[in-house]
1. Keeping to the range 31-51, report how many residues are in contact (Cβ under 8 Å) with a residue 12 or more places away in the chain and part of a loop (DSSP other than H, G, I, E, B).
2. Quick check: is even one residue across the range 8-30 touching a residue at least 40 places away in the same chain (Cβ under 8 Å) and surrounded by 13 or more Cβ atoms within 10 Å (Cβ to Cβ)?
3. For the range 152-189, what are the residues that are in contact with a Pro (Cβ under 9 Å, 6 or more places away or on another chain) and either farther than 17 Å from Val135 by Cα or part of a loop (DSSP other than H, G, I, E, B) (or both)?
4. From the residues in the range 87-130 that are at pLDDT 65 or above and among the aliphatic types (A, V, I, L, M), which one is surrounded by the most Cβ atoms within 10 Å (Cβ to Cβ)?
5. Scan (1) under 23 Å from Gly192 (Cβ atoms); (2) in contact with a strand residue (DSSP E or B) (Cβ under 8 Å, 6 or more places away or on another chain); (3) at pLDDT below 90; (4) surrounded by fewer than 16 Cβ atoms within 10 Å (Cβ to Cβ) for the single condition Ile83 breaks and write down its number.
6. Just to be sure before I move on: is Arg158 among the basic types (Lys, Arg), closer than 20 Å to Ile77 by Cα and modelled with pLDDT of 95 or more in the structure I sent?
7. Looking only at the range 48-79, how many residues end up being under 13 Å from the mean Cα position of the chain (by Cα) and of a type in the set (Gly, Ala, Ser)?
8. Residue check, Val147 against (1) surrounded by fewer than 21 Cβ atoms within 10 Å (Cβ to Cβ); (2) assigned to a strand (DSSP E or B); (3) modelled with pLDDT of 90 or more, all met but one. Which one?
Amino acid sequence: MVSDGYKFSLPLLALGFLFAVVRLPYIALILFILSIFICYFFRNPSRRIPQGENLIVSPADGKVVKILQMPDGTKTISIFLNIFNVHVNRSPISGRLEQLEYRRGKFKVAFDEEASRVNEQNIITISGPGIRIVVRQIAGLIARRVVCWKKPGYNLARGELIGLIRFGSRVDITLPAEVRIMTKVGDHVRGGSSILGDYA
């Protein structure tokens, strides 16, 4: 479990013990169950990171809901995370975190067409050998907090943890025109281990 989870699970656990002591077992049970769910939500399972040059891995667990090609040739893959998905995010490539921009915004449902434009989000630009990509951590209706643990200038490894979105959300990744997409709408991907594409 990532450290953010303790901020939520430990107070619930303490309250559960308090209600158990004062002999309110049903309330205590509900609080214990919520604490267990929080631990589950903030889990950080180990992942086998694919080896090989020029691979781009998924930044998040979830379902590919859209692949959009822009007039300039760039491609954006949108991944929707439901509340049961792993919510830590990972770097799709090895490279330098070039820029981190936080934007305040709305909290539309994450699969809404406007979400990537108007919702609260972190915009993370990563530059690697021969490639520059943009990852957007997008808050949703339930998710009210996007977190990036890394700072500009940090050198990332492919599949390295970079942040977290709390309680249901979406991640968009924008790729250069030369990237060959190796996933499709409807695929269920895993952060750090599922290959989204490659480039020459």
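The values are calculated or read from the model by the stated rules, or taken from the named source; none is laboratory data. Just so it is clear, the model here is predicted, and its values are computed rather than measured. Counting neighbours? That spans all protein chains shown, and the Cβs are built from the backbone with ideal geometry, glycine included.
1. 8
2. Just the residues of the range 8-30 that are touching a residue at least 40 places away in the same chain (Cβ under 8 Å), to begin with: none.
Looking through the range 8-30, none of the residues is touching a residue at least 40 places away in the same chain (Cβ under 8 Å) and surrounded by 13 or more Cβ atoms within 10 Å (Cβ to Cβ).
3. Passing the criteria: Arg158, Gly159.
4. It comes out as Ile124.
5. (2)
6. Details: among the basic types (Lys, Arg): yes; closer than 20 Å to Ile77 by Cα: yes; modelled with pLDDT of 95 or more: yes.
Answer is yes for this residue.
7. Selection size over the range 48-79: 4.
8. Among (1) surrounded by fewer than 21 Cβ atoms within 10 Å (Cβ to Cβ); (2) assigned to a strand (DSSP E or B); (3) modelled with pLDDT of 90 or more, the lone unmet condition for Val147 is (3).
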